[in-house]
Amino acid sequence: MNKEIAIDGPAGAGKSTIAKKVAEKLGLVYVDTGAMFRAIALFMTERGIVAGELDRIKSKLEDVKLDIVYENGEQQVILGDENVSGKIRKPEISKAASEFAVIPEVRTRLLNLQRELAGKRPVVMDGRDIGSKVLPKAGVKIFLTADVRVRAERRYKELTEKGEIVNIEDIMSDIKSRDEQDMNRAVSPLVQAEDAVLVDTSALSIEEVVEAIIKIARDKNPEFN
């Protein structure tokens with residue numbers, strides 16, 4: 001069995017945080033696919049291109065130069081020659097990323113890059129369609145979820161700790177909107193793969209979720225022990 005771990009789930013379920021910690025504990029490489037989508041959204045947004053302008057998007061996709069590197073154990077997203085790891089986490093870019101993610105050409109471009117990364121070394125990869133589309137043969141598939149209110153509270157805490165002024169009701173509305181978009185898009189919608197294990201994080205701490213996933217991984221593949 002391969003050592004790929006695919007973690008899917010809706011916005012705010014804690015995928016990135018959990019996936020990173022699981023990768024650290026198992027000695028795997030963490031690939032944040034959401035960061036890739038956000039980078040393309042940032043690229044297009046900075047050029048005044050919105051998700052509805054398909055011709056302009058298609059014409060610019062080849063200009064996107066995207067790489068993921070690690071500095072002091074931290075993933076850095078490089079767009080062109082610029083480190084955009086901070087910029088892509090802004091709420092407006094996260095929302096735009098969900099809109100650009102429905103475009104087949106965008107997904108195809110990133111799909112190839114994601115598979116290329118996974119082909120080089122064992123990875124933990126998180127996103128919306130990793131287990132169902134990107135890494136359908138992953139040895140371990142997890143579907144993380146949590147109550148909408150819980151997800152909004154987590155996002156609120158994250159943003160306020162960074163000094164941003166936000167409203168929790170607005171965040172919850174945004175999360176619901178993104179859920180609706182992700183689950184109903186025509187291309188690679190958010191779904192739980194048939195062989196994925198459902199993990200509800202609503203009442204669990206980060207460490208409890210990490211340990212639960214590691215146990216699942218080790219039960220499925222003794223090489224993780």
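The values are calculated or read from the model by the stated rules, or taken from the named source; none is laboratory data. Keep in mind that this is a model prediction, so the values were computed, not measured. Cβ: placed from backbone, ideal geometry, glycine included. Neighbour counts: every protein chain shown.
Determine if the stretch 103-117 includes at least one residue that is acidic (Asp, Glu) and more than 18 Å from LEU66 (Cβ to Cβ).
Applying the first criterion (acidic (Asp, Glu)) to the stretch 103-117 yields 105, 116.
Subsequent filtering for residues that are more than 18 Å from LEU66 (Cβ to Cβ) retains none.
No: the stretch 103-117 contains no residue that is acidic (Asp, Glu) and more than 18 Å from LEU66 (Cβ to Cβ).
In the stretch 48-62, how many are exposed (fewer than 11 other Cβ atoms within 10 Å of the Cβ) and in contact with a helix residue (DSSP H, G or I) (Cβ under 8 Å, 6 or more places away or on another chain)?
Qualifying residue count, the stretch 48-62: 0.
Report every pair of residues separated by at least 6 positions or lying on different chains whose Cβ atoms are under 6 Å apart, first residue within the stretch 184-202 and on the phi < 0 side of the Ramachandran plot and of a type in the set (A, V, I, L, M, F, W, C), second surrounded by 15 or more Cβ atoms within 10 Å (Cβ to Cβ) and part of a loop (DSSP other than H, G, I, E, B).
Filtered contacts from the stretch 184-202: VAL187/VAL102; LEU190/ARG128.
If you take the residues in the stretch 63-81 that are of a type in the set (D, E, K, R) and under 16 Å from GLN114 (Cα atoms), which one is modelled with the highest pLDDT?
This residue is LYS65.
Looking for whichever is in contact (Cβ under 8 Å) with a residue 24 or more places away in the chain, polar (S, T, N, Q) and over 29 Å from PHE143 (Cβ atoms) here; the options are THR45, THR17. Which one fits?
Of THR45, THR17, the one residue that is in contact (Cβ under 8 Å) with a residue 24 or more places away in the chain, polar (S, T, N, Q) and over 29 Å from PHE143 (Cβ atoms) is THR45.
If you check ARG56, ARG109, ARG38, which single one turns out to be basic (Lys, Arg), assigned to a helix (DSSP H, G or I) and under 24 Å from SER173 (Cβ atoms)?
Numbers: ARG56 fails: under 24 Å from SER173 (Cβ atoms); ARG109 fails: under 24 Å from SER173 (Cβ atoms).
From the options ARG56, ARG109, ARG38, the qualifying one is ARG38.
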